2 protein chains.
Amino acid sequence: MCDINFDQIKTASQRIAGIVHRTPVLHNHYFNERLNCHAHFKCENFQKTGSFKYRGASNAILSLESHLAAKGVITHSSGNHGQALALAARHKQIRSTIVMPTTASASKRQATADYGANIVPCGPTLASRESTTAKSLAETGATMVHPYNDPAVIAGQGSAAMELVEEVGELDMILAPVGGGGLLSGIAIAISAICADVKVVGVEPAGADDAFQSMKAGTKVAIEQPQTVADGLLPSLGNLPYRCIERHVDQIVTVTDDAIVDAMRTIWQRMKIVIEPSAAVPVAALITNKIEVANKRVGIILTGGNIDLDKLPWVQA
Amino acid sequence: MCDINFDQIKTASQRIAGIVHRTPVLHNHYFNERLNCHAHFKCENFQKTGSFKYRGASNAILSLESHLAAKGVITHSSGNHGQALALAARHKQIRSTIVMPTTASASKRQATADYGANIVPCGPTLASRESTTAKSLAETGATMVHPYNDPAVIAGQGSAAMELVEEVGELDMILAPVGGGGLLSGIAIAISAICADVKVVGVEPAGADDAFQSMKAGTKVAIEQPQTVADGLLPSLGNLPYRCIERHVDQIVTVTDDAIVDAMRTIWQRMKIVIEPSAAVPVAALITNKIEVANKRVGIILTGGNIDLDKLPWVQA
């Protein structure tokens, strides 16, 4: 049973309007010809902090009662959620603490610090991360904002699908990548409520396909050592997203890392926009014909654009 | 004396409406803060064929009388103008011949061929290029469409400035790069007619600064061997653009290649869009404080996004 409904997403959408960017929807002749469909790309790489995560983080923070907000927020993340929570906290003028492994790149640490976060280092293990987070929680009384296992976060992410349909009209299909599953959950709940007969597809890297395996097994499956170029999709599917996805998502397909890199490069080349590997994952599914889209109106969430320009996956080290 | 007036640009703008993309204008918090101005980026990297050149090429072709159009068009170009003319010709269903040096990259040749052009190879010298073009002209009876020394081309480029002001309102300043000078001429004539007291600034690579030197000398100066990472700006200033720029442009400033690469990378990183080195040239002038922009409303034409993703200037070979 999924615990989130469309009303929560509508409320989230109103709450964060004017705070998050209403990102543009781009169209591309090359992709429409090649895929024989009408593709609508929702560009969350242009979102504040460079990813859709700012939606969920903003909604979570703005949903806090004031006595809780006053004590600040905390999360553990070396990536987009950390940056998003830091900026959303600064906007609300409250403190944020981001627990971040010492192995995180200097540029990510700097970006998060630039958004005003207090960064607490931890070891590169789950145990260290959890104990460090627990200690910070106890010390500060802050509220934990989980990157995806949180109804307010999921509701915030769903606003991307609402905006997309408001701008381009009803869709036959929508595609999004799956990591922890927060985005896919939010947009699946939103789009199912708005469009009749829409097909919701999650796309996952083959090397981190726990959502695919979970849907197949009918129970949540964990993967020992996920590995993929789409580092934003390494996290395991959350319990709450699992329930939402089981109920509202029609299909999960997987793609190889080679296909992801090729899709990312093709988007850069043809659309002249910078997306990160995780954002290219649904496009990889389209390019490799994993999904039948002929003559369909297809929405694709391009989730983010945060990438180290010195380490592009097609450039030999 | 400049031979082009605002009426020609208005006519061009109406002629090519619906054929060229009305490209988006992007804004960026980081740049506004860093530069202490209101920067409006007109994104011609999203234009068809990936550069503003499609405007001028389309206007030139659509201005041809039908008995001339029937014989096709020709140009010599290894870059954006060749691709633009090829696609504009295909749209008009006429033949295009692009004379291209054998030293042009395979990817550029392929892109131009993909737009339907007949590609005629020439040697990598000006003499070979001119004799090959003359031979093709004689054989085909086609009309030569020069990349910038052509009133119809200049008028077409000017439409970018009209759209920008229509979208964001009056500007205090507008910046564009200078190579052959066609774009700068067109937008200077357009913006001077639309905005009172607007300052028009051309920006040029220091290693190809013939426009800068020409303005200083009061006569057209040629450079022996221009050299810059912004390869789209290698061509010498044309006679017609020289006259337009002398009359309508307030200032030409120069920037180093290091500043161009830094500006290009910063745009990719912060705005999540792909621009080519030539497009980064005006941004380099802003970042290095070559122009005083405090509290001003500044328009910047981001001219194109065609770049070999395997050869990024900040990646060591």
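The set of residues from segment B:253-289 being out of contact with any Ser or Thr (no Cβ under 8 Å at 6 or more places or on another chain) and among the charged types (D, E, K, R) comprises B:Asp258, B:Asp262, B:Arg265, B:Arg270, B:Lys272. Restricting segment A:61-71 to residues that are hydrophobic (A, V, I, L, M, F, W, C) and surrounded by fewer than 20 Cβ atoms within 10 Å (Cβ to Cβ), the residue that is farthest from the other protein chains (Cβ to nearest Cβ) is A:Leu68.
Based on this model, can you work out whether B:Ser96 counts as out of contact with any helix residue (DSSP H, G or I) (no Cβ under 7 Å at 6 or more places or on another chain) and either on the phi < 0 side of the Ramachandran plot or open to solvent by less than 20 Å² (accessible area, probe 1.4 Å) (or both)? No. Cβ separations smaller than 9 Å between residues 6+ apart or across chains give the following pairs from segment A:301-314 residues that are closer than 16 Å to A:Thr266 by Cα to residues that are open to solvent by 20 Å² or more (accessible area, probe 1.4 Å) and among the acidic types (Asp, Glu): A:Pro313/A:Asp257; A:Trp314/A:Asp262; A:Trp314/B:Asp310. Entry remark, segment B:1-60: residues being touching a residue at least 40 places away in the same chain (Cβ under 8 Å), open to solvent by 20 Å² or more (accessible area, probe 1.4 Å) and of a type in the set (Lys, Arg) number 5 in total. Have a look at B:Ser51, B:Ser77 and point out the one that is farther than 25 Å from B:Gln269 by Cβ and touching a helix residue (DSSP H, G or I) at 6+ places or on another chain (Cβ under 8 Å). It is B:Ser77. In the set (1) more than 28 Å from A:Ile191 (Cβ to Cβ); (2) of a type outside the set (Ser, Thr, Tyr); (3) open to solvent by 50 Å² or more (accessible area, probe 1.4 Å), the condition left unmet by A:Ala113 is number (3).
Of A:His76, A:His38, all but one fail to be away from every other protein chain (no Cβ under 14 Å), touching a Lys or Arg at 6+ places or on another chain (Cβ under 6 Å) and modelled with pLDDT under 95; the exception is A:His76. Collect the residues in segment B:250-276 that are within 14 Å of another protein chain (Cβ to nearest Cβ), touching a helix residue (DSSP H, G or I) at 6+ places or on another chain (Cβ under 6 Å) and open to solvent by 10 Å² or more (accessible area, probe 1.4 Å), keeping them in residue-number order. Once the filter is applied, which keeps residues that are within 14 Å of another protein chain (Cβ to nearest Cβ), touching a helix residue (DSSP H, G or I) at 6+ places or on another chain (Cβ under 6 Å) and open to solvent by 10 Å² or more (accessible area, probe 1.4 Å), segment B:250-276 yields B:Arg270, B:Lys272. Scanning segment A:120-149 for residues that are open to solvent by 40 Å² or more (accessible area, probe 1.4 Å) and assigned to a strand (DSSP E or B) yields A:Pro121, A:Met144. Out of A:Gly202, A:Gly169, A:Gly186, A:Gly179, one residue alone is within 23 Å of A:Arg15 (Cβ to Cβ), modelled with pLDDT of 95 or more and either not hydrophobic (A, V, I, L, M, F, W, C) or not assigned by TED's automatic domain parsing to the domain that holds A:Ser214 (or both). It is A:Gly186. Restricting A:Ala152, A:Ala193 to residues that are in contact (Cβ under 8 Å) with a residue 60 or more places away in the chain, part of a helix (DSSP H, G or I) and under 15 Å from the mean Cα position of the chain (by Cα) narrows the list to A:Ala152.
The condition of being at pLDDT 95 or above and assigned by TED's automatic domain parsing to the domain that holds A:Arg243 holds for only one of A:Ser13, A:Ser66, that being A:Ser13. Exactly one condition in (1) open to solvent by 60 Å² or more (accessible area, probe 1.4 Å); (2) within 14 Å of another protein chain (Cβ to nearest Cβ); (3) without any contact (Cβ under 8 Å) to a residue 60 or more places away in the chain; (4) not small (Gly, Ala, Ser) is false for B:Glu224; which is it? Exception for B:Glu224: condition (2).
Checking each residue of segment A:189-197 against the condition of being among the hydroxyl-bearing types (Ser, Thr, Tyr), within 21 Å of A:Ser13 (Cα to Cα) and buried (at least 24 other Cβ atoms within 10 Å of the Cβ) gives no match. Within segment A:280-311, being open to solvent by less than 10 Å² (accessible area, probe 1.4 Å) and either at the interface with another protein chain (Cβ under 10 Å from one of its Cβ atoms) or modelled with pLDDT under 95 (or both) holds for A:Leu302, A:Gly304, A:Gly305, A:Leu309.
Yes or no, residue by residue, for (1) away from every other protein chain (no Cβ under 14 Å); (2) in contact with a strand residue (DSSP E or B) (Cβ under 7 Å, 6 or more places away or on another chain); (3) under 19 Å from A:Ile189 (Cα atoms):
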position: A:Arg22; (1), (2), (3): no, no, no
position: A:His29; (1), (2), (3): no, no, no
position: A:Lys42; (1), (2), (3): no, yes, yes
position: A:Leu85; (1), (2), (3): yes, yes, no
position: A:Ala89; (1), (2), (3): yes, yes, no
position: A:Gln93; (1), (2), (3): yes, no, no
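The values are calculated or read from the model by the stated rules, or taken from the named source; none is laboratory data. As the structure is a prediction and not an experimental result, all values here were calculated from the model. Neighbour counts run over all protein chains shown; Cβ positions are idealised from the backbone, glycine included. Heads up: the accessible areas ignore ligands, DNA and RNA and are worked out on the full protein's heavy atoms, side chains in. Shrake-Rupley method; radii C 1.70, N 1.55, O 1.52, S 1.80 Å.
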